1. Mind checking which residues of the range 84-102 are among the charged types (D, E, K, R), part of a helix (DSSP H, G or I) and in contact with a helix residue (DSSP H, G or I) (Cβ under 8 Å, 6 or more places away or on another chain)?
2. Which condition from (1) more than 20 Å from Arg32 (Cα to Cα); (2) outside any helix (DSSP H, G or I) is the one that Leu61 breaks?
3. Taking the options Leu132, Leu76, name whichever one is at pLDDT below 95 and assigned to a helix (DSSP H, G or I).
4. If you check Pro147 against the conditions, is it closer than 21 Å to Ser19 by Cβ, at pLDDT below 95 and either polar (S, T, N, Q) or loosely packed, with under 15 Cβ neighbours inside 10 Å (or both)?
5. Basic (Lys, Arg), surrounded by fewer than 17 Cβ atoms within 10 Å (Cβ to Cβ) and farther than 22 Å from Arg10 by Cα: is that true of Lys103 in this structure?
6. Identify, from the list Glu63, Glu47, Glu18, the residue that is exposed (fewer than 13 other Cβ atoms within 10 Å of the Cβ), modelled with pLDDT under 95, among the acidic types (Asp, Glu) and closer than 20 Å to Val115 by Cβ.
Amino acid sequence: MAATPARRERIFLVVVDESQEMANALRFACRRAQHTGGRVALLYVVEPVEFQHWFGVGRMLEEDARLDAERRLQTLAAEVFQQTGTMPILHIRQGRREEEVLKLLEEDHDISLLVLATAPESPNPGPIVSYLMKNLGRLRVPVTLVPGQLTPEEIDALT
């Protein structure tokens, strides 16, 4: 009798930003992780500081941005733990958000699904979705778009 291969843990990646709809992506990912025995991963991308005139000031701004990212991720990690009972995987990167999302997906083969939320009632899909659409050949995982206008109860019913 052949041994069955170990089941790989499902990792649901959420890109952290300051948008209101990001909470929908996070809730969806938490519910899916909870129902499938998976785990949530959070990616925060620190955008580069365009402050070339005074190098020291630019470095201070970058350090402040990194500290803000760490604080934001810690707050969200506590929320994920409360919803799922497991700590999320945390990623902090520096660069353009769209590019870093794709790079992480290419590098981390444990990620099973990218979960993004759309802005409520906006015709623009957002910079990450637009970038991914232009780079579909590089995607190796499915992408779930959670409508930004869904209520928490509606998300719970869907997952």
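The values are calculated or read from the model by the stated rules, or taken from the named source; none is laboratory data. Quantities reported herein were computed from a predicted structural model and do not represent experimental measurements. When we count neighbours, we look across all protein chains shown, and the Cβ atoms used for this are built from the backbone with ideal geometry, even at glycine.
1. Correct list: Arg97, Glu98, Glu99.
2. Checking Leu61 against (1) more than 20 Å from Arg32 (Cα to Cα); (2) outside any helix (DSSP H, G or I), the one that fails is (2).
3. Leu132
4. Judged against the criteria, Pro147 is not a match.
5. Numbers: basic (Lys, Arg): yes; surrounded by fewer than 17 Cβ atoms within 10 Å (Cβ to Cβ): yes; farther than 22 Å from Arg10 by Cα: no.
No.
6. Result of the check over Glu63, Glu47, Glu18: Glu18.
To keep it simple, each residue is scored yes or no on (1) modelled with pLDDT of 95 or more; (2) within 15 Å of the chain's Cα centre (by Cα); (3) closer than 13 Å to Asp17 by Cα; (4) part of a helix (DSSP H, G or I).
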position	(1), (2), (3), (4)
His53	no, no, no, no
Leu67	no, no, no, yes
Gln82	yes, no, no, yes
Leu104	yes, yes, no, yes
Leu114	yes, yes, no, no
